[in-house]
Amino acid sequence: MDLTEGTQQEKIGRSKKMMLWFGIGSLIMTFSALLSAFIVSSKQRRDKDWLSNYELPSAFYVSVVVILLSSLTFILAKKALKQNNGQMSKIWLLITLVLGIAFIYVQFEGFKQIIEAGYNFTGPTSNITISYIYIIAVVHILHVIAGLICIAVVIYNHFKQKYNANNMLGLELAANFWHFVDLLWLVLFLFLYFFRDRI
């Protein structure tokens, strides 16, 4: 659709959505570069500094479930708003926010489990493989935090009665970014899980 067609509000909406997708595209390239570096490093190193059969912390498995649930609750929030049920939409958004915070907490529990297994990010107990896992997870957490800020803004605006079934742009933008961040963690987790057996 031509970005110049429609009302001024529709034009602004399409422009903001396109900007979001450009941003998501850049994030995809960033994480692709991280995973590519992980693969290249694994092929170049066959010494004690690279683990060929590492174990992901159990907390990471839990985090997958938590973040997928948060996507579901965001979908329910959007559905409720489309039905002009603003109160229920706010409740689902608050649950999404709590699940997002819980995801970060569980991720840090995963880091704790890695440290308890004897691997730190740096120092004599560090390992290149585990350091990559730390970096990938932390960079993702930073984007989850950005998503949580977006959700908090949406909740604030929602309480100010800014959104309704005919005006959902802010909520839709936040939802698209949040679903991307959720899907991204699933992809990263599956990559780290299955790639360990291919080294």
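None of the figures in this text is laboratory data; all of them are computed from the coordinates on show. Given the structure is predicted, the values throughout are model-derived calculations rather than measurements. Positions of Cβ are backbone-derived with ideal geometry, glycine not excepted, and every protein chain shown enters the neighbour counts.
A compact table of results
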read-out	value
Sum of -39500 (n - 2.57) over DSSP H runs of 4+, divided by residues of the chain (222 nm, nearest 500)	-27500 deg cm²/dmol
Residue with peak Gaussian network fluctuation, the chain [Cα springs, cutoff 10 Å], from 21, 92, 178	21
Ordering of 185-194, 140-149 by burial proxy (mean other Cβ atoms within 10 Å per residue, highest first)	140-149, 185-194
FRET efficiency for residue 156 and residue 187, using Cβ-Cβ distance with R0 set to 25 Å, rounded to 0.05	0.25
10 Å Cβ shell holding at most 14 others, DSSP loop, GluC sites (Glu not before Pro): longest site-free stretch of the chain	56-199
Spatially proximal lysines relative to residue 16 (Cα-Cα < 25 Å; intrachain offsets below 8 disregarded)	78, 79, 82, 90, 160, 162
P(r) tail fraction, the chain - alpha-carbon pairs more than 28 Å apart, %	36 percent
Gain in span if fully extended, residue 39 to residue 125, counting 0.36 nm per residue against the direct Cα distance	28.8 nm
Mean Cα-pair separation over length for the chain, i.e. relative contact order, pairs under 8 Å, 6 or more apart, %	28 percent
Check: segment 58-198 dipole with +1 on Lys, Arg Cβ and -1 on Asp, Glu Cβ, in debye	460 debye
